[in-house]
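The structure under discussion appears below in the form of structure tokens.
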Amino acid sequence: GQPLACLWEFDNTLFACADAINPGRLYFTRRGTETTLVNNYRDVTAASEPLMNGLNWNARSYLWTPERQGEILPSGDGYVWNELPGGRGLFSRWALTRYNSKSPFMAFLSKDGVYKSIGGVSESLTDRDLFALFPNEGNIGSTIRGIPPPNVVSAQAANLRMEFTDDYLYFDFTDTSSNRRSLIYVPDLDGWWYDAY
């Protein structure tokens with residue numbers, strides 16, 4: 001009877017995670033209905049590796065932990081989680097794109113930058129131009145071109161958000177100077193723009 005923070009739909013089934021009591025547990029409804037049974041869950045990971053969030057993309061369902069990414073697959077009368085080789089973990093449960101029919105990829109914030117995936121190996125969107133801005137090699141990120149780094153720490157996780165809309169990927173964050181900022185990625189141009197507001 002506890003509310004769960006993360007909910008998404010795939011294949012006429014609702015999935016949910018972020019249970020404070022069972023952080024490694026994935027819940028699901030019966031296919032084609034919003035009802036569930038008492039045993040409609042799978043313990044995917046140990047409590048030390050909580051489930052972060054999931055989404056439906058390109059006719060598949062995906063689920064992240066802080067360290068790994070995997071796909072949810074049907075199995076008998078339930079579902080299993082299959083880790084994707086080369087998948088990256090999700091740092092903030094809200095820094096993940098949700099389903100959008102125009103989205104060319106899934107995008108998410110890992111502990112060292114923004115990544116994209118089309119269901120296989122995750123590819124960095126920030127290493128080429130913004131590597132120093134994000135946490136790397138033991139530092140929290142550096143100011144580059146006058147842009148303070150995002151404050152990628154656990155206490156700021158709720159302020160790290162991502163959305164794909166109007167053909168742009170928006171990464172909204174609080175920087176290390178406590179200012180709200182956005183980095184905007186334009187897939188067609190394969191480049192980032194900075195927005196201070």
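What to note about this one:
- Entry for percent of Cα pairs over 30 Å apart (calculated from the structure that is shown) out of (i) 33; (ii) 26; (iii) 21: (iii)
- Of all accessible heavy-atom area on the chain, the percent that carbon and sulfur account for (1.4 Å): 49 percent
- Built amide H within the under 5 Å cut-off of S61, gap 5+: I72
- In this structure the amide hydrogen of N136, modeled in the peptide plane, comes within under 5 Å of the amide hydrogens of G141, none closer than 5 places in sequence on its chain.
- Pairwise centroid distance, computed over Cα atoms, of region 13-73 with region 117-163, Å: 25 Å
- The residues of region 51-197 expose on average 47 square angstrom of accessible surface per residue, using a 1.4 Å probe on protein heavy atoms.
- The chain, helix-only ellipticity at 222 nm - DSSP H runs n ≥ 4, -39,500 (n - 2.57), divided by all residues, nearest 500: -500 deg cm²/dmol
- For region 41-58, 3J(HN,Hα) computed residue by residue from phi via the Karplus equation (6.51, -1.76, 1.60; θ = phi - 60°) reads 7, 9, 7, 7, 9, 6, 4, 6, 10, x, 6, 9, 5, x, 7, 9, 8, 6 Hz, glycine and proline entered as x.
- Loop-resident GluC sites (Glu not before Pro) (DSSP state other than H, G, I, E or B) in region 93-197 with no more than 12 further Cβ atoms inside 10 Å of their Cβ: E137.
- Charged side chains reduced to their Cβ positions (Lys and Arg at +1, Asp and Glu at -1) give region 19-116 a dipole of some 340 debye around its Cα centre.
- Ordering Y170, W64, Q2 by Cα displacement along the dipole of the chain toward the positive end leaves Q2 in first place; charges were set at the Cβ atoms of Lys, Arg (+1) and Asp, Glu (-1).
- Residue-by-residue Karplus 3J(HN,Hα) for region 122-129, coefficients 6.51, -1.76, 1.60, Hz, glycine and proline x: 7, 10, 5, 9, 10, 4, 4, 10
- The string of couplings for region 176-191 from the Karplus curve (6.51, -1.76, 1.60, θ = phi - 60°) is 5, 9, 6, 9, 7, 9, 9, 10, 10, 9, 10, x, 4, 9, 6, x Hz, one whole number per residue in order, with x for Gly and Pro.
The values are calculated or read from the model by the stated rules, or taken from the named source; none is laboratory data. On a predicted model such as this, the values are computed, not experimentally measured, just so you know. Here Cβ is always computed from backbone atoms with ideal geometry, including for glycine, and neighbour counts include all displayed protein chains. Calculation scope for accessible area: heavy atoms of the full protein, side chains included, ligands and nucleic acids excluded. Shrake-Rupley method; radii C 1.70, N 1.55, O 1.52, S 1.80 Å.
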